[in-house]
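Remarks on the structure that follows.
Laboratory data are not the source of any read-out in this text; all were calculated from the coordinates shown. Source: prediction; values computed, not measured. Positions of Cβ are generated from backbone atoms using ideal geometry, with glycine treated the same way; all protein chains shown enter the neighbour counts.
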């Protein structure tokens, strides 16, 4: 018959508890969860080119882009993008760390007016009035497909 010391029994019990808790833990996705109107107040559906604004203090507003020349240049990765200005003062969208970007994708994309045209590379086009509204009334945009 084998005898165990109290230290050995305690170690076995603790190991059993920790092993059981490791296997019983449910898996949770690591994808970010975005909460409308708290982390962003504007939403761009890239497929339809519709914008929806969800301000905390007002009614939702939907802006439908009927102008085919006002489409986004290349697909912008889904996620929350911050509204900011580049070094020259031009509006842009900047990806925070919670927005997953493909390898080599720029961390910021220009926010360009449909009326003024655009350059090469990824960009988001919108009517100038909408860009002005974004620049003054929202800090973040959710881009979705």
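Between residue 101 and residue 50, the simple spin-label model (points 7 angstrom out along Cα→Cβ) gives 2.9 nm. Is the shape of the range 97-145 rounded, prolate or oblate, going by the alpha carbon gyration tensor and its root eigenvalues a ≥ b ≥ c, with a/c under 1.5 for rounded and a/b larger than b/c for prolate? It comes out oblate by the Cα gyration axes.
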